[in-house]
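**Student:** Right, I'll just put the structure down here and ask away after.
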Amino acid sequence: AAAARRRRPPPPRPTRPPPPISAPLPPRRPLPLPLRRQRLRASRPPPPPGPRRRRRARRLPPPPLRRLHRRVLPEARAVASPVLAAPPGPTSCLPPRPPRPRTLGAPPRPGRGGPRAPVGGGGVRRRRGARGATAPPPPPAEAWHLAIWAAGKARRFDLAWAVVRRMLRRGVLTSRAMVIVMERYVAANEVNKAIKTFDAMEKFKTEADQTVFYSLLRALCKNKNIEDAEELLLVRKKFFPLTAEGFNIILDGWCNVITDIAEAKRIWREMSNYCITPDGTSYTLMVSCFAKVGNLFDTLRVYDEMKKRGWTPSIAVYNSLIYVLTKENCMKDAQNIFTRIIDEGLQPNVKTYNSMIVPLCESRKLDEARMVLEDMMLKGIVPTILTYHTFLRQENIDETLKLLKKMKDDGCGPKSDTFLMLIDRFFQLNEPGHALKLWNEMKRYDIRPSYSHYMSVVQGLIKHGCMERALEYYDEMKENGFASDPKLENEFRTFLLANRDHWRGAGKYNIIPQRGKHFARRSRIQ
């Protein structure tokens, strides 16, 4: 009985009858909105009262069935009625369709029949990323180099290296880019990093040849790191053999960057110790160095040795000879050098005449210097700003103003450095009135004062006891956005505290002398 009971099928479950087809479906419960959308909806302000503006319904793309209907319907009509499918014309019963207006000279629309317009000349622009679109031309190498130089100038070497890596990825990295990085490191007094950059050039797949090595030496000497450059030259002599060109770079640093005659002679002896024969550039540098220090005997000795060795003197050698002869008051010999220059087929330039004008002005022989200037201008040689600066260092205030006007007429300045030099000079001559007069002249020549100009005026006025005027210029400097000086701030604060009861009401920093307690006024600055 138990087995029969197990084999018996279970009774059928009662099923719910299906709802009729015409019965309405139960309403769907709205899904809960996300919490962020609920907050946004709650934070919206209520709509303003009045009739609501109906939104324009957005046109949706046709469904596939309607799209197919649009394609099939014209063909079905053509089969059913040949008259409707016939093109409009004299045999058609329909009026001719008016042509679609087009702009004169406009090309046909692409994809609507007719040839495509060319990409280059006034046609339809291609979409961005379309097949066949021309890529923009790559930036030139000068643009990359300028970006590296600007980043190094601002001491953002991370940006400079980012540009270098991007150039490496694009395959446009040059050795000049690495040289610019090294020059910027040297200018920022990071000599070790500049040398490490040179050693890392192989990792960046650029050749560290002798030209790049000499560029690093020139950068070191230019920024007065001549000892480091000399040490690097001797340490790397196994990789880059010693030559006259390498020693000339070091010699140029001691002769022109830092005029040290003892070090220049030592380098000259080092060249002979390493069996390096001096060339024409070496003799030119030594003649220039001896001429700058006024050593006439050694200048002529090196000049004679240069001619015996068979080297032809350049115009730079003759300029140095003219300078040292004029400085030693040998005017006839200096004039003979002018004649020799012309006889050898060389042409005197503005540096040649400046070599005679500068020592004449330094010796206060202004009349002879003006005669040389007139002779130079008669021969069609335009003076440089160095020529005018040489005269401005010796002239009085009236001649200075005339020279400034002449400089503007000749298109040779004046510049901001010109006024900075003149302001410092007149303060040193104990003439602060003339210095302030030149300060006012700067506005006439459209020169905006810099931080150096303000500091020169403020320090000059303090030196001559004009604290009130100095304080006015100092406030003007800070109003123009320049940084304040802590030392001057303390000095002005001490001055204001000492004279806070002596202010005159008319001026900002006009101080009246203290004659008694009944003359004292309460200060407006506490």
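The values are calculated or read from the model by the stated rules, or taken from the named source; none is laboratory data. Keep in mind the model is a prediction, meaning the values are calculated, not measured. All Cβ positions, glycine included, derive from the backbone under ideal geometry; neighbour counts span all protein chains shown. Remember, those area values only see protein heavy atoms, side chains included, never the ligands or the DNA or RNA. Shrake-Rupley method; radii C 1.70, N 1.55, O 1.52, S 1.80 Å.
**Student:** Report whether or not Lys308 is out of contact with any Phe, Trp or Tyr (no Cβ under 9 Å at 6 or more places or on another chain) and buried (at least 20 other Cβ atoms within 10 Å of the Cβ).
**Tutor:** no
**Student:** Here's another thing I want to ask about it. With the requirement that a residue be in contact with a helix residue (DSSP H, G or I) (Cβ under 8 Å, 6 or more places away or on another chain) and either at pLDDT 95 or above or part of a helix (DSSP H, G or I) (or both), what does the range 226-241 give you?
**Tutor:** Once the filter is applied, which keeps residues that are in contact with a helix residue (DSSP H, G or I) (Cβ under 8 Å, 6 or more places away or on another chain) and either at pLDDT 95 or above or part of a helix (DSSP H, G or I) (or both), the range 226-241 yields Ile226, Asp228, Ala229, Glu230, Leu232, Leu233, Arg236.
**Student:** Determine, yes or no, whether Ala334 is over 30 Å from Phe419 (Cβ atoms) and either open to solvent by less than 20 Å² (accessible area, probe 1.4 Å) or in the same structural domain as Arg425 (by the TED database) (or both).
**Tutor:** Yes: the conditions hold for Ala334.
**Student:** How many residues does the range 251-278 contain that are open to solvent by 40 Å² or more (accessible area, probe 1.4 Å) and either more than 20 Å from Lys222 (Cα to Cα) or in contact with a Ser or Thr (Cβ under 6 Å, 6 or more places away or on another chain) (or both)?
**Tutor:** Matching residues across the range 251-278 total 7.
**Student:** How many of the residues making up the range 305-326 are assigned to a loop (DSSP other than H, G, I, E, B) and either within 43 Å of the chain's Cα centre (by Cα) or over 17 Å from Thr281 (Cβ atoms) (or both)? Please lay out each step first, then the result.
**Tutor:** Residues of the range 305-326 assigned to a loop (DSSP other than H, G, I, E, B): 309-314.
Filter once more, keeping what is either within 43 Å of the chain's Cα centre (by Cα) or over 17 Å from Thr281 (Cβ atoms) (or both): 311-314.
Adding up the residues that qualify gives 4.
**Student:** A follow-up question, please. Which residue, of Lys402, Lys351, is among the basic types (Lys, Arg), within 30 Å of Thr277 (Cα to Cα), within 36 Å of the chain's Cα centre (by Cα) and not assigned by the TED database to the domain that holds Glu441? Give the derivation first.
**Tutor:** Working: Lys402 fails: within 30 Å of Thr277 (Cα to Cα).
Result: Lys351 is the single residue among Lys402, Lys351 that is among the basic types (Lys, Arg), within 30 Å of Thr277 (Cα to Cα), within 36 Å of the chain's Cα centre (by Cα) and not assigned by the TED database to the domain that holds Glu441.
**Student:** Do we find that Pro486 is over 24 Å from Ser416 (Cβ atoms), in the same structural domain as Pro432 (by the TED database) and modelled with pLDDT of 85 or more in this structure?
**Tutor:** In short, yes.
**Student:** Do you know which of the residues in the range 152-200 that are among the small types (Gly, Ala, Ser) and touching a residue at least 24 places away in the same chain (Cβ under 8 Å) is surrounded by the most Cβ atoms within 10 Å (Cβ to Cβ)?
**Tutor:** Ala194
**Student:** Among the residues of the range 152-199, which ones are among the aliphatic types (A, V, I, L, M) and not in a helix (DSSP H, G or I)?
**Tutor:** Those that are among the aliphatic types (A, V, I, L, M) and not in a helix (DSSP H, G or I): Ala154, Val172, Leu173, Ala188.
**Student:** Here's something else I'd like to know. Cβ-Cβ below 9 Å, separation at least six or inter-chain, first residue in the range 409-422 and at positive phi, second surrounded by fewer than 20 Cβ atoms within 10 Å (Cβ to Cβ) and hydrophobic (A, V, I, L, M, F, W, C): which pairs?
**Tutor:** What qualifies is Gly411/Val382; Gly413/Ile385.
**Student:** Could you identify the single residue in Asn336, Asn354 that is at pLDDT 90 or above, in contact with a helix residue (DSSP H, G or I) (Cβ under 8 Å, 6 or more places away or on another chain) and not basic (Lys, Arg)?
**Tutor:** Checking each option against the conditions leaves just Asn354.
**Student:** Something else now. Check the range 327-338 and report whether any residue there is in a helix (DSSP H, G or I), under 24 Å from Leu360 (Cβ atoms) and under 39 Å from the mean Cα position of the chain (by Cα).
**Tutor:** No, that holds for no residue.
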